[in-house]
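Presented below is the structure to which this report refers.
The values are calculated or read from the model by the stated rules, or taken from the named source; none is laboratory data. A quick note: this is a predicted structure, and the numbers were derived from the prediction, not measured. Here the Cβ positions follow ideal geometry from the backbone for every residue, glycine too, while neighbour counts run over all protein chains shown.
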Amino acid sequence: MKRILLSLALLSTISLSAQDLVQVSYGASYKNQTYYQLSDDVTASLDNNTWDIAFTTYGENVGGIHLNESTVTFGAEAVLYLAPTANFDDPIIVADLTERLYNDEKSWDYGAFNSTRDVNDPNDFGWGMLDAGTGKITGNTVFVLRFKDGTYQKLQIVSLEQGIYTIKHADLDGSNENTLTVDKANFTAADFAYLALSSGQTLPSIPIDWDLVFLRYASPNDDGAGGIIQIMSSGVLSAPGVEVAQANFVDPDDVEFADFEDSLSTDIDIIGSDWKTFNNTSWLLVNDRAYFVKAENGAVWKLIFVDFGGSTTGNVIFSKELILETGVGEEATFDGLSVYPNPTSGDATLFFSPKNTGVASIGLTNLFGQLVWSGKLVVNTGFNAVQLPLNNLPSGQYFAKTRLGSTVFTKKIVKN
């Protein structure tokens, strides 16, 4: 998504402002999982039909192995079962497969293949046990994978030794056995190695330093009878090292990071999938919630979801504000920013109080990120005001973005 600096001379230009509204897409029918970088809005997509298993490649003693749970809306999904035997050579009957395994949506350190581990034993990885003396994890569990096309294979993670995963898989009767290896050393700049079992090939690494991934996954939900049911959801998970805080029952435009800083969490599903609901005809966005996302470099962003296209387009639109700059432990350039009147039936006035003098860039965009007005204003410390020309614009939601230096604040405006 390219970034464009707009001035009064470009009022007729229609473009998507990367620092105001951002669009990220799963693709139609949730075809892809899309990785997103907050700092420059770069995305990288991975086709859900091209891989089966993902191996964590970071950390010396991290052996997380994930199932590709992503699936199109009405397509068949991959399913992982715990085999009824610990002996890989035993034949397996489909009717005996009862225990289904799911990825852990709290940490990338553990996936579906780790879900049987003893959480109180740090040497237990679920698929195998770590010998603390040698650093080798030796497989002791057999799994059965039902592919998206409905075929089955049994598999075992034989070991993780000196950064190399060894995997063997075969048909359920033992025929067509094959052994594969995945070397972490080939993925030093990546978090995961994605493997297609049928071809034995790993996919190219995700080429960006991502913060969030938009994907379909199985998430646990209350079944209403005291149990848990796994439901396929389209949601957002955060990257290793990224922290997220969820601000509920707030005015998303005015909520302050300081009030939620203590609730930052490294759980990867804080954003999750519940920022929208389906009412049998359309998707509705939760309108009293914001998210604060702290990247690994210390920058903090506020995200507000404003639109979701569902399986038709897979498009997600959200606003993004830089709250704290990279590596800076002080408050942003603005003390405050507000719009009055809001909602408005005519023009509105933007009020803000910068801490520094300079030239502020001000842009007004509609819900789809299209620029409808922009201008520049020489500002002084203290109180400043600028009129926003909404009077001749159609009714709807607009976003006023004010940039001073590297700090950006965005306010939502409702035009009646």
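When Glu330 is tested against (1) at pLDDT 95 or above; (2) in a loop (DSSP other than H, G, I, E, B); (3) more than 25 Å from Ile208 (Cα to Cα), only condition (1) is not met.
Answer yes if at least one residue in the stretch 193-206 is polar (S, T, N, Q) and either on the phi > 0 side of the Ramachandran plot or in contact (Cβ under 8 Å) with a residue 60 or more places away in the chain (or both), and no otherwise. Scanning the stretch 193-206 turns up at least one residue that is polar (S, T, N, Q) and either on the phi > 0 side of the Ramachandran plot or in contact (Cβ under 8 Å) with a residue 60 or more places away in the chain (or both).
I'm checking my understanding of the structure. Among residues of the stretch 1-36 that are outside any strand (DSSP E or B), in contact with a Leu (Cβ under 9 Å, 6 or more places away or on another chain) and closer than 16 Å to Glu321 by Cβ, which one is modelled with the lowest pLDDT? This residue is Ser17.
With respect to Pro207, determine if the residue is under 30 Å from Asp288 (Cα atoms), in a loop (DSSP other than H, G, I, E, B) and in contact with a strand residue (DSSP E or B) (Cβ under 8 Å, 6 or more places away or on another chain).
It is false that Pro207 is under 30 Å from Asp288 (Cα atoms), in a loop (DSSP other than H, G, I, E, B) and in contact with a strand residue (DSSP E or B) (Cβ under 8 Å, 6 or more places away or on another chain).
If a residue must be closer than 28 Å to Leu350 by Cβ and assigned to a strand (DSSP E or B), how many such residues does the stretch 254-302 contain?
Matching residues across the stretch 254-302 total 10.
Counting the residues of the stretch 179-197 that are over 22 Å from the mean Cα position of the chain (by Cα), over 13 Å from Gln162 (Cα atoms) and either of a type in the set (Ser, Thr, Tyr) or in a strand (DSSP E or B) (or both) gives 3.
Every residue in the stretch 303-323 that is in a helix (DSSP H, G or I) and among the small types (Gly, Ala, Ser), please. Outline the logic, then answer.
Let us first name the residues in the stretch 303-323 that are in a helix (DSSP H, G or I), namely 310-313.
Gly310, Ser311, listed by residue number.
You will find that of Asn140, Asn178, the residue that is closer than 12 Å to Asn87 by Cα, in contact (Cβ under 8 Å) with a residue 12 or more places away in the chain and of a type in the set (S, T, N, Q) is Asn140 and no other. What do you reckon, is Phe214 in contact (Cβ under 8 Å) with a residue 40 or more places away in the chain and within 30 Å of Lys412 (Cα to Cα)? So Phe214 passes the test.
Table: residues versus (1) touching a helix residue (DSSP H, G or I) at 6+ places or on another chain (Cβ under 6 Å); (2) more than 21 Å from Tyr102 (Cβ to Cβ); (3) among the hydrophobic types (A, V, I, L, M, F, W, C).
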{"site": "Asp209", "(1), (2), (3)": "no, yes, no"}
{"site": "Ile231", "(1), (2), (3)": "no, no, yes"}
{"site": "Ala239", "(1), (2), (3)": "no, no, yes"}
{"site": "Phe278", "(1), (2), (3)": "no, yes, yes"}
{"site": "Leu284", "(1), (2), (3)": "no, yes, yes"}
